[in-house]
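Working notes, beginning with the structure itself.
The values are calculated or read from the model by the stated rules, or taken from the named source; none is laboratory data. All values reported here derive from a predicted model rather than from experimental measurement. Here the Cβ is made from the backbone with ideal geometry for all residues, glycine too, and neighbour counts use every protein chain on show. Keep in mind that these areas ignore ligands, DNA and RNA; they rest on the heavy atoms of the full protein, side chains included. Shrake-Rupley method; radii C 1.70, N 1.55, O 1.52, S 1.80 Å.
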Amino acid sequence: MIYFFLKHCFKIIPCKISHVNIEWGQVHMTGNQNCKHIGCLLANIHTGSAQNLWASITNEASKTFDAFFLFPGGKLNSRNDSDYLRNSIYSLVNPENFDGLISWSSAIGGAVSLSELSLFHKQFERIPYVTICHKMPNHPNISFDAYTGMYNLVTHFITEHCAQRIAFIQGPENHSSAQDRLKAYKDALIDSGKEIYLNLISSPYPWNEGEKAITELYAERKLVPGQDFDVLIASSDMMLFTATQYLQKLNFNIPEDYLAGGFNDSAESSLSSSAFTTVHMPYEGMGITSFYTLQNLLKDSDSSIADITLPTNLIIRDSCGCVTKIQYPTFTSEEDLLQKVSALFLIDKDSATALISPLFEALKNQDSVLLFKLIDLVLERFFKSSKDIRQLIRAVNLIQNSGFFSSTFLNKIAPQIQTKLITSQARGYSIKQYETRYRYSIVNSLKCDLLTAHNKDQLISILKKYLPQLGIHTTALMLNLDLDNSLYVGGFSPDENGSKEDFKNIVFPSNLLVPESKKTLFNAGVYLVQPLFTENQPLGYIIFNVSFIDGALYEDLRASISSALHGIHLFEQALLAKQIAEKAEHSKTEFFANTSSDLIDPLKDFIFKITQIENNLDESQDLLAEQLLFLKSQIQAQIEKTGLIIDLTLSEINEKNFFHYLIF
C-alpha cells in the first residue's frame, strides 16, 4: 500500500538509464537508443475541450522516454479561423517520421463528411494508430459515453426542476458524439413522457457557432426564454456560453428567466456568472488511455486491442438552480462514498485508492498529522489541474455528512480544513497568475524585437534570445520551397554550454519532419509542431519543445512568428525590387550616355566636313556655298534638339539638372 501510494503521488517509474538530464517536457538521453517517435493529431490546443485533453496526454508522454509530437493542424478543409491553412502539417505524419499515431479524429473531422474523414485516415494505414471519439476500421478507439451523460443531464432537469419545454442547440452534423448527444436528448424526453418539439431544436452548427444557433431560435423562430422554453441545453459548454451571452445582452438571465445545461466541463463552463451544470468529459482519462493503448499496440502490432469507452459524470452547478437545493445522499458503505468523492475530484480509481482511501483511514484513526499531509497532497493536485472549487466543497460536505467519521473530530478540524482550502486556492491562483504574467512579458518583448527582423537569420537570433527564457530550448524552423522540398532555416538546441545556435540553410525532402542531420535533436521529449501561414498561404512550420501548458500562449507565438516571416518576405521583396530598379536605372543611364554620342557625333562630323568644303570654295560657287550654309544650320539645329532631348531624359533619372537650361 505504501509503495502504491508513493507511486501515484510521486510517479515512481522503474527503469534502467545510463544518463538522463530531465526538465519538464524534454528528456535528453545517451543510454536509450530505442525511443519511439509518436505523433498526435488534434484540431488545436487553445480552445474548448482541446485545452484539457492535450494537457493530460502531454503530461503522460513527458513521463516516458519516447519522442512525442503534437500536431494542432486544424479541422479538415474548414474555413473557420483559417483552419485549412493549418492542415498542411498533417502530411508530415508518415512512416518515415513516426512509429505510431494518436488521432483525435472527431475533433479534426468536424467540418467534413464521415467518408472524407475516413479517406483522410487512409494515409496512416502503414502506421499503428489509435483514434479518439470517432472509430476507424481495424484501429482501437478511445471514446466516452456521451449518450448516457446527455441523457442524465436532460433527465435531471425534468425530474429535479420539472422542466416542460427544453430547447436544444445541436453540434456539428458530421460529429458522431454530437449526434449521440442529440439522440440522448430525444430519448430522455420520450422516456420521461415529454413531447419532442422540433422547433426547439436548432440546426446543426460548428462548436464555435453557439451564437448563430441561439439567433436561429430567438430571432428567426421567435422563441422567447421563459415563455417558449424553460431550459436551454447545448451540445457543448462553448456553444452554451456564447448562446447565453447573446441572451444576456437581451436581458434574459440564468436562472431567473431560464435554466441552462452544457456538455464537456470545459473552461467555458465556469466563465458565466451562473456556472454551468454540465457533463464532465473525461479528458485526462481519454488522453492517458489513448497513450497507453498505443504503447501496447506498438509492443505487439498484430494483437487485437478492444475499443474503450469511458464513463461521464454529471456536474451540478448554478445554472440548473440546484444551488439552493443541497441534498446529501445516504451511503451504504465507505466504497460508495469513495466513488462519489472521487467523481467530484475527477480522479480515476487508482488515484482514489492512492490518495482518498488513506485520507479516510486517517479520519477514522483521528490522525490529524497524517490527515493534513494528505489533504495538502489532494489540494495541490486538485488546484494544479484548475478544477472547480465548488466540487471540492461538495466533496468535503459529503464526507462531513456521511456518518462514517467522528462528528466531534470533524467539527474540531473543520476550521483548519476551511483555512487550507482558502490558502491553497489563493496560492494556486497566485502561482498561475505569476507564471502567466512572466511568460507573456517575455512574449511581448519577443514580439517587439520581431518587428525589427529584416531577414531569417535575425529571426532565429531573436527566437534564441527569448524562447529559452520560457523553457523552450529546442527549436527548428522550416519553410516550404515547393511540393518536393522544404528548407531548414535554422534553430537551436541544448548542449553542454547552453543553447547552441545554427544558421545553416538546408534543403531536404518535404516528406521529412527535419533534415536527416537534425533528427538527433528530437530523440526524446515532448514537442509541438506549429503551422506557419499568412492570410491565404501556408509558409511552413516550427517545432518547439513543450515546457508548459498554455495553448493560448503557444498560439500567440505561432501567430507572431508567422507575421514576422510575412514581414521579412515583404522586406526582401521590396529590397529585391529596389535592386532591380537600381540596375534598370543604371542600364538606362548607360544607354542614353552612349546614345548621345552615337546620335550627335555623326552630325558634328557632317558639320566638320561641310566646313572643310566651304573653306575650299571659290567666289564662283556662291550658290553652293549658300546651300552648304543652310545645310550646316539645319544640322546644327538638329544637334541642339537631340542634345536637349537626351538631357531631358537624363534629368528624369537624376543624371542631369535640367534647370541649367532654363537659367542659362
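A few remarks follow.
- Filter on LYS186/LYS249; LYS464/LYS504; LYS299/LYS518; LYS183/LYS349; LYS63/LYS420 - keep pairs with C-alpha separation over 22 Å: LYS186/LYS249; LYS299/LYS518; LYS183/LYS349; LYS63/LYS420
- Carbon plus sulfur fraction of accessible area for the chain, probe 1.4 Å, in percent: 53
- Note on LYS36/GLU535: beta-carbon distance plugged into 1/(1 + (r/R0)^6) with R0 of 30 Å gives a FRET efficiency of 0.20.
- For the set TYR84, TYR292, solvent exposure ranked by accessible area (probe 1.4 Å, protein chains only) runs largest to smallest as TYR292, TYR84.
- Computed from the Cβ-Cβ distance with R0 of 45 Å, the FRET efficiency linking ALA584 to TYR438 stands at 0.30.
- Only beta bridges with both residues in the chain are counted; by DSSP, about 50 percent of them are antiparallel.
- The modelled label-to-label distance for the pair GLN164/SER406, using points 7 Å beyond Cα in the direction of Cβ, is 5.4 nm.
- Heavy atoms of MET238 accessible to a 1.4 Å probe, total area in Å² rounded to 10: 40
- Over all projection directions, the Cα-based convex hull of the stretch 455-577 averages an area of 8.1 nm².
- Cα-Cα pairs of the stretch 137-234 separated by more than 21 Å (percent): 34
- The ratio of the alpha-carbon radius of gyration of the chain to the globular-protein estimate 2.2 N^0.38 Å is 1.41.
- Packing-based order for 268-275, 149-156, 215-222, 606-613, using average beta carbon neighbours within 10 Å, highest first: 149-156, 268-275, 215-222, 606-613
- For the stretch 255-380: rounded, prolate or oblate by the Cα gyration tensor [a/c cutoff 1.5]: oblate
- Between the stretch 52-116 and the stretch 260-319, the alpha-carbon center distance in angstrom: 17
- Anisotropy class of the stretch 202-323 from Cα gyration tensor, a/c 1.5 cut: prolate
- Helical mean residue ellipticity (222 nm; -39500 (n - 2.57) per DSSP H run of 4+; nearest 500) of the chain: -16000 deg cm²/dmol
- Sorted largest first, extent of the stretch 363-502 alpha carbons per principal axis (Å): 72, 32, 31
- Only Cα pairs under 8 Å and 6+ residues apart enter the sum, and on that basis the relative contact order of the chain stands at 14 percent.
- The stretch 432-491-the stretch 359-381 distance, computed between alpha-carbon centres (Å): 45
- Heavy atoms of LYS122 accessible to a 1.4 Å probe, total area in Å² rounded to 10: 130
- Remark: the chain carries 49 Å² of accessible area per residue (probe radius 1.4 Å; ligands, DNA and RNA excluded).
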